[in-house]
There are 2 protein chains.
Amino acid sequence: MRGVYCDGRSVRLRDDLAVPEAGEGEVVLDVRAVGICDTDLQLARGYMGFRGVLGHEFVGQAASGRRVTAEINNACHRCATCLAGRPRHCPNRTVLGILRHDGAMADVVRVPERNLHDVPSALEDREAIFIEPLAAAFRITEQLELGPDVRMAILGDGKLGLLCAWVARRTGARVSLIGKYPAKLALAGEGIATHHLDETQALGRAFDVVADCTGSPTGLPSALRLVRPCGTVVLKTTVAGTYAIDLSPIVIDEVRVIGSRCGPFPPAIAALASRQIDVRPLIGAEFDLDDAEAAFRAAAERGARKVLMRVSREGS
Amino acid sequence: MRGVYCDGRSVRLRDDLAVPEAGEGEVVLDVRAVGICDTDLQLARGYMGFRGVLGHEFVGQAASGRRVTAEINNACHRCATCLAGRPRHCPNRTVLGILRHDGAMADVVRVPERNLHDVPSALEDREAIFIEPLAAAFRITEQLELGPDVRMAILGDGKLGLLCAWVARRTGARVSLIGKYPAKLALAGEGIATHHLDETQALGRAFDVVADCTGSPTGLPSALRLVRPCGTVVLKTTVAGTYAIDLSPIVIDEVRVIGSRCGPFPPAIAALASRQIDVRPLIGAEFDLDDAEAAFRAAAERGARKVLMRVSREGS
């Protein structure tokens, strides 16, 4: 079958991959559409040493005809971490298209059956590929009490920053989105203040919560300049490798820094299906899987919107 | 009067300092005894650019004869931060012997009257100088729910590490103290497991809470190797300057990192007065203020116990 294979240095479309077979508790799905995210671009450059098929934001179709997507952490559901209610952190886990498990940029993908979620018919495939990143944005609402009393800044006007801003706004929080690109800041929409990164000094240390969605080593220092004493910084993006940083403001100002990764699919699916969160303005170019290499080049362009690939003929 | 003056490069005892006068809402106290802490040693090397009299762990005597100590953050009590209930973080604050306010390594010290706390008669001066650092250890109990279900590791067997271990133990938490010095680990006492730093790999990622009391750039990376996914790292010590660190485990394992600085005096005073926490094993050499420079050398020795200076003749 076809698949976008990562060898740790680059990606290329192969057509000689074995079709995966379902193991116990697993299903195989025909992939309809799959998105390219920043993690994919990092994996392609060697992040985490992944070797295999990329892709973890997808819509597939089961043999029954069900249109589905899947959570990406494949847990053992037997270890102490799983039994403590944290299967997303299972030390034995594989992660779809990221860690020891082939992903969905292929004709067929193999996933645990318990990870499946139905995709409502109201959702187009190109919207449904946002379920996984939107779930990651909803993770913040599991970790923090957001609401009208909360002043929240989102650093980074990329796709994840916008998704986080929209999720936070729905809680009633007073949200400021801070970024570099006027065209992207303009997507924030009603009820969200927007600021260019250069203006942040004037904002002062006024925010109860600052979410770093920059993917940049400058994100955390910027967040520490915006958060109030005893406030919270949410790290939504990883920065690969070590970098130099002064952590003393965390102690002096008693800031709480919380890492935030994968989140719950059901609220993301509901918000998309009802169009309470409308991701269509975030969609950029669409490619056929056969043009995967061009799709990756498009996704890597500065300021690119979400690039997605159509896989099966059913993908529409 | 006499005072230990910091010029940002070194400290020296001066005898030509003006006796401070109380401003509005302030009192002047005759200092009885004062401790030297690691922050003083850092300030002496230029940390925070402080110029003035050092000393923030002290016992004084008011004109009335009352034996007292004082909280160290001198807030304005008028700004938004103060009115939000966070006077220790007042942006207009001075800090005794640390930030724009002369400290207590002198014959006389000036402090806000509202910062005073009585020192119970059961407490000797040499114990009472631990009120401020013990309050800092109690800060953790304001920030986190500790109790019998919590497995907690304390990194660093210095004075602050031991104080934090004792405070945590009183909550019922299962405490492990991790350090380098068998003689200091032996002070932990009943109900606290002790481990040499070299053994920590074998401990695994087993702790719900890890408090970094090392004052070292290696503290946070070590803590991130010990804390369980979704667990909490408490940063009790600052590390001056920038250093290189890989923060991606915070995101991947969704760790919460909390800065922790000054804490509540009343529980510290009560725990010392009842000897539920007995700090006497932590007391090292005692000097007269006239021998301040020798006292600083003693405090700077590796593994030194608490060095204190007697100031007034009443200090006993």
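The values are calculated or read from the model by the stated rules, or taken from the named source; none is laboratory data. What you are looking at is a predicted structure, and each value in this text was computed from that prediction instead of being measured. Cβ sites come from the backbone with ideal geometry, for glycine too, and all protein chains shown count toward neighbours.
Within the option set A:V27, A:V31, being of a type in the set (V, I, T), under 19 Å from the mean Cα position of the chain (by Cα) and outside any loop (DSSP other than H, G, I, E, B) holds for one residue only, A:V31.
Scanning the stretch A:197-222 for residues that are within 22 Å of A:V239 (Cβ to Cβ) and part of a strand (DSSP E or B), we see that the one that is farthest from the chain's Cα centre (by Cα) is A:F207. Just one of the numbered conditions (1) among the charged types (D, E, K, R); (2) outside the structural domain of A:A165 (by TED's automatic domain parsing); (3) surrounded by 15 or more Cβ atoms within 10 Å (Cβ to Cβ); (4) free of Cβ contacts under 8 Å to residues at least 40 places away in the same chain is not true of A:E301: (3). Answer with yes or no whether B:D16 is in contact with a strand residue (DSSP E or B) (Cβ under 7 Å, 6 or more places away or on another chain) and either modelled with pLDDT of 95 or more or under 24 Å from B:K236 (Cα atoms) (or both). No; evaluated as a whole, the condition is false for this residue. Note on the stretch A:227-252: residues that are farther than 23 Å from B:C90 by Cα and charged (D, E, K, R) amount to 1. The single condition among (1) within 14 Å of another protein chain (Cβ to nearest Cβ); (2) under 17 Å from the mean Cα position of the chain (by Cα) that A:G85 does not meet is (2).
Only one of the numbered conditions (1) more than 14 Å from chain A (Cβ to nearest Cβ); (2) modelled with pLDDT of 95 or more is not met by B:N92, and that is (1).
Of all residues in the stretch A:77-113, which are in a helix (DSSP H, G or I) and surrounded by 17 or more Cβ atoms within 10 Å (Cβ to Cβ)?
Within the stretch A:77-113, A:T81, A:C82, A:P87, A:R88, A:H89 qualify.
Restricting attention to the stretch B:164-196, the residues that are part of a helix (DSSP H, G or I) and touching a helix residue (DSSP H, G or I) at 6+ places or on another chain (Cβ under 6 Å) total 2. For the stretch B:188-195, the count of residues that are buried (at least 20 other Cβ atoms within 10 Å of the Cβ), in contact with a strand residue (DSSP E or B) (Cβ under 9 Å, 6 or more places away or on another chain) and closer than 29 Å to A:D253 by Cβ is zero. Residue by residue through the stretch A:262-285, note down the ones that are surrounded by fewer than 20 Cβ atoms within 10 Å (Cβ to Cβ), out of contact with any strand residue (DSSP E or B) (no Cβ under 9 Å at 6 or more places or on another chain) and either closer than 21 Å to A:L220 by Cβ or of a type in the set (A, V, I, L, M, F, W, C) (or both). A:A270, A:A273, listed by residue number. Among the residues making up the stretch B:285-316, those that are under 16 Å from the mean Cα position of the chain (by Cα) and not in a loop (DSSP other than H, G, I, E, B) are B:A299, B:K306, B:V307, B:L308.
Note on the stretch B:248-277: residues that are within 7 Å of chain A (Cβ to nearest Cβ) and either over 25 Å from B:H195 (Cα atoms) or assigned to a loop (DSSP other than H, G, I, E, B) (or both) amount to 8. Among the residues here, B:R174 does not qualify as within 25 Å of B:T69 (Cβ to Cβ) and surrounded by fewer than 24 Cβ atoms within 10 Å (Cβ to Cβ). Are any residues in the stretch A:263-316 at pLDDT 95 or above and among the polar types (S, T, N, Q), and if so, which ones? Answer for the stretch A:263-316, where residues must be at pLDDT 95 or above and among the polar types (S, T, N, Q): A:S274, A:Q276. Looking across the stretch B:268-307, the residues that are more than 14 Å from B:D40 (Cα to Cα) and of a type in the set (D, E, K, R) come down to B:R275, B:D278, B:R280, B:E286, B:D288, B:D290, B:D291, B:R302, B:R305. Among the conditions (1) assigned by TED's automatic domain parsing to the domain that holds B:E254; (2) surrounded by fewer than 23 Cβ atoms within 10 Å (Cβ to Cβ); (3) more than 24 Å from A:D246 (Cα to Cα); (4) within 20 Å of the chain's Cα centre (by Cα), B:L116 misses just one, which is (1). Out of the residues in the stretch B:206-238 meeting the condition of being under 28 Å from A:G263 (Cβ atoms) and β-branched (V, I, T), tell me which one is surrounded by the fewest Cβ atoms within 10 Å (Cβ to Cβ). This residue is B:T232.
Filtering the stretch B:223-247 to residues that are part of a strand (DSSP E or B) and facing chain A (nearest Cβ under 7 Å) leaves B:P229, B:C230, B:L235, B:Y243, B:A244, B:I245.
Checking the stated criteria, A:V227 turns out to be outside the structural domain of A:R302 (by TED's automatic domain parsing), at pLDDT 95 or above and not polar (S, T, N, Q).
Condition check ((1) among the basic types (K, R); (2) free of Cβ contacts under 8 Å to residues at least 60 places away in the same chain) across all residues:
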position	(1), (2)
A:V53	no, yes
A:V59	no, no
A:A62	no, yes
A:E71	no, no
A:C76	no, yes
A:T81	no, yes
A:R86	yes, yes
A:T94	no, yes
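Applying the set (1) at pLDDT 95 or above; (2) more than 8 Å from every other protein chain (Cβ to nearest Cβ) to A:T200 leaves exactly one unmet item: (1). Of (1) under 27 Å from B:P120 (Cα atoms); (2) of a type in the set (A, V, I, L, M, F, W, C); (3) under 19 Å from the mean Cα position of the chain (by Cα), B:L41 satisfies all except one. Which? Condition not satisfied by B:L41: (1).
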